[in-house]
Amino acid sequence: MEKLDLNNKAFYNNREVSWVGFNRRVIEEAFDKKNPLLERLKFLAIASSNADEFFMVRVGGLKDQVAMNFNEPENKTQLTPTEQLVAIDAANRENVKLQYEQYKALIQELEGYQVFFKAIDELSPENYQIIEQKFNFEILPTLTPLGIDAYRPFPKLSNKSLNIFVDVETDAGEKKSAIVQIPALLNRIIQLENGERTIFVLLEDVINHFIDKLFFGYKVIRTFTFRITRNADLTIHEDGAEDLLIEIEKFLKKRKSGAAVRLEIDTRHDTSINGSFLMNELEIEARDIYKLDGPLDLTMLFQLAGMIEKKYPQLAFKPFEAAPPKYLNGGNVYEEAQKHDIFFHHPYESFQPIVDFIKQASEDPNTLAIKQTLYRVSSDSPIIDALKNAAEAGKQVTVLVELKARFDEENNVHWARMLEEAGCHVIYGMTHLKTHSKITLVVKKEGDEVVPYVHLGTGNYNDKTAKIYTDMGIITTNKEIGQDAMNFFNYLSGYSEKPTYKKLHVAPFEIRDEFVEHINQEIDFHKEFGNGLIIAKMNSLTDKTVIKKLYEASQAGVKVKLIIRGICCLRPGIPGISENIRVISIVGRFLEHSRIYYFYHNGEEKMYLSSADMMTRNMIKRVEILFPILDPKIVNELKEILELQLNDNQKAREQDASGVYHYVRNNQNAVNSQEELVNQAENYKRTLVKPKVTEPQPVMSKRAKLLGFVRNRLKK
């Protein structure tokens, strides 16, 4: 075979453009009528939230590179930072167009349920009066007009805040400009009733309508709402920092005032707005401006859907309550872990046993130590409470709180301080590396033996996101994994060389080396036996070293099946390169978050779960854990889950050789993998409900019936 150059840029997708393609798949879910109406609105909100973070981080980072005259192309598609910004702009504008077209369609569809969005001048006289009173007594006192002139410079506006730009004129014809920031603490959506109709108006529309009350003696000649997205991809100065927690707090203050990377303008009431004044003040380019024929920041649709759902619950997904984990057998987590490894699959199975795992350890007098990594936790985490209680009870509690978890820094600073005050040993990770691994170690004294119990997972210790993210984990008492866990925590908290692990594989570097080794082995097995198979499920695939190895496996004839929700820089189906690789993406009710890696190895199957994607940043710049599944029963269950997802023809899209995704459509029975897993969980719950047993009534003989009849007659 002619050896083809695997560095050819035509064989790859650009990382950033691939992400924009993923967000398009999220928007497309708002078009799928198999999703309830309010859920379709939420998908538009999710897409807006995704885009905000993308601009703050990825676009912000590229703009920094351009500003520093860094013009090196990235290593796959060979696009320079400027070329990437141009490509992002083209793809994202298509997304936004699609998003707002569908927003209008769904708002119109709500009218069939007597739910209406109205402009202020469209309200009935009664509702108009209510809104005017609300403005005068509740809204107006909170507003502050900020004039712009020689004595009042252009204000430093908050990231993602809504603002109103105002042009006013004096009687003498002198024109001035001002900005009114919309208070974030006021409800953006205002609900009114008009008979059977439910009416919604937006806060910014109310302020725009009555804004002349802020400029007494001036004539308001134009207003429009705008929103700035700022660069949040700032550097945390770790080197030389005496206390990383204090450094993070300084960083958070800086991020609020990062350079502008995007300007959104609401043009519903004036399509002639060009935004040139703001463009100059914010020092942005024309391609950074989005003129939108609709309200800004569609994340407000989360709130809207919640308000409507109270009246029309049938317009949302049917509520789903997670099943108890099958592998617990209804027993105590510690007693069951002594017998066998326990497998968890969230959100189909409850996250509560993970909370109980830590809570029970905190209360058990035989617990000697609890050690845990925390990346993102909920705002009122029961796990934090359990760790505090354990420390206050005198147990050794060590918690690694990752202060650099993007957009959770402030939350994690708060938890770190609280845990320290309770007596926990709190560490903040490692210099220049984020600790993204999900591991808990509980050490107990049981008789004369010290027993380590280890929980390893693919997702965060977050009881809230565990209801909407698909994640997996195990609790094990395997002695080698227990020893590895102890070495892992000692390495993070003290001073020692990186341990040699027996069962775990720990990034940086080791996880990628393990993947490469397994792919090489699969190629060798295939050459000998002709049955090579690799199946991998992850959030994103970007690492060029791994991609090239997968191309080599495909060229050797190994079947490679990839389930990748988000970014995928690999292109499948290229003749001579990747024709044996299939890539699907599943976007549905739950966010696919688990990472599963399977290598057939001629029947000597290797199955792993991990906190890491096949991304360079995960495998080189983070502390991650790849852990083996040793129980054949759990391996078989994971294979069944992978097969189910590979057969999905309702929510799966397949990538073609040009990098474009299309819904999987075939003649097979309809398979929605997430829906099927929900049904399996519901069926399992039904098996746990014991049928009521009615006590059999005693059968009376004819003689007894006759005697009873006689007695009754005598009483009468």
Notebook entry, point to check: Quick one: what Rg and Dmax do you get for segment 326-496 from the alpha carbons, in Å?
Noted result: 15.0, 45
Check: Can you work out ³J(HN,Hα) from phi for every residue in segment 313-323, in order, using Karplus 6.51 cos²θ - 1.76 cosθ + 1.60 and θ = phi - 60°, giving whole Hz and x for Gly and Pro?
Finding: x, 5, 8, 10, 4, 4, x, 10, 10, 4, 7
Checklist line | Cβ-Cβ FRET estimate between LYS311 and THR545, R0 fixed at 56 Å, reported to 0.05 | finding: 0.55
Checklist line | Label zone at PHE320, where the point sits 7 Å out along the Cα-to-Cβ direction: segment 344-382 residues whose backbone N lies under 13 Å | finding: 345-350
Notebook entry, point to check: Alpha carbon centre of segment 630-691 versus segment 47-104: separation in Å?
Noted result: 32
Next item on the list: Jot down the radius of gyration and Dmax of segment 546-630, Cα atoms only, both in angstrom.
Entry: 13.8, 37
Checklist line | Pair ASP171, GLU449: separation of 7 Å Cα→Cβ label points (nm) | finding: 9.4
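Once you have the Cα-Cα distance between VAL689 and GLU111, take 0.36 nm times their residue separation minus that, and quote the gain in nm to one decimal.
203.9 nm
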Check: Can you list the aspartates and glutamates whose alpha carbon sits under 14 Å from that of LYS527, skipping same-chain ones fewer than 8 residues off?
Finding: GLU552
Check: Regarding segment 553-704, what is the average projected area of its C-alpha convex hull, in nm²?
Finding: 16.2
Notebook entry, point to check: Counting Lys and Arg as +1 and Asp and Glu as -1, each charge on the Cβ, what is the dipole of segment 557-624 about the Cα centre in debye, to the nearest 20?
Noted result: 240
Item checked: Rg/Rg_ref, the chain, where Rg_ref = 2.2 N^0.38 Å and atoms are Cα -> 1.11
Notebook entry, point to check: Given the rule -39500 (n - 2.57) for each run of at least 4 DSSP H residues, summed and divided by the residues of the chain, what is its mean residue ellipticity at 222 nm, to the nearest 500 deg cm²/dmol?
Noted result: -11500 deg cm²/dmol
Notebook entry, point to check: Roughly what would the spin-label model give for PHE509 and GLN133, points 7 Å off Cα along C-beta, in nm?
Noted result: 7.2
Note to self: If each residue of separation counts as 0.36 nm, what is the full-extension length gain between LEU6 and GLU552 once their alpha-carbon separation is subtracted?
What the structure shows: 195.7 nm
Check: To the nearest 20 debye, what charge dipole does segment 326-496 have about its Cα centre, counting +1 at the Cβ of each Lys and Arg and -1 at the Cβ of each Asp and Glu?
Finding: 360
Check: Which of the residue pairs LYS434/LYS606; LYS498/LYS544; LYS339/LYS502; LYS503/LYS544; LYS395/LYS498 have a Cα-Cα distance greater than 32 Å in the structure shown?
Finding: none
Check: Considering only DSSP states other than H, G, I, E and B, which trypsin sites (Lys or Arg not before Pro) in segment 18-96 qualify as loop sites with at most 13 other Cβ atoms within 10 Å?
Finding: LYS33, LYS34
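If r is the Cβ-Cβ distance from SER276 to SER49 and R0 is 22 Å, what FRET efficiency results, to the nearest 0.05?
0.15
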Check: So for the pair GLN303, GLU285, with labels modelled 7 Å out along Cα→Cβ, what separation do we get in nm?
Finding: 3.4
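Which of the peptides 217-228, 393-404 is most tightly packed, and how do the rest follow, judged by the mean count of other Cβ atoms within 10 Å per residue?
Values: 217-228: 18.0, 393-404: 21.5.
Averaged packing, sorted descending, gives the order 393-404, 217-228.
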Notebook entry, point to check: Just going by the charge dipole of the chain, with Lys and Arg at +1 and Asp and Glu at -1 on Cβ, which of TYR327, PRO153, THR142 is farthest out on the positive end?
Noted result: TYR327
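Once the Cβ-Cβ distance between PHE216 and GLU126 is put in as r, and R0 is 45 Å, what FRET efficiency do you end up with, to the nearest 0.05? Let's see the in-between values first.
Working: r = 28 Å, r/R0 = 0.61.
According to the calculation, E is roughly 0.95.
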Next item on the list: Work out the charge dipole of segment 9-315 with +1 on the Cβ of Lys and Arg and -1 on the Cβ of Asp and Glu about the Cα centre, then indicate which of LEU79, ASN23, ALA286 is farthest towards its positive end.
Entry: ASN23
Note to self: Run the numbers for VAL86 and GLU392: contour at 0.36 nm per residue of separation, minus the present Cα-Cα distance, in nm.
What the structure shows: 104.6 nm
Margin query: Limiting things to C-alpha atoms, what are the Rg and the maximum Cα-Cα separation (Dmax) for segment 9-315, in angstroms?
Written below: 21.4, 66
Margin query: Based on alpha-carbon centroids, what's the gap between segment 108-146 and segment 362-387 in Å, whole number please?
Written below: 46
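No value in this document is a laboratory result; all are computed from the given coordinates. Note that the structure is a prediction, hence the values are computed from the model and not measured. Using ideal geometry, Cβ is built from the backbone for each residue, glycine included, and neighbour counts are taken over all protein chains shown.
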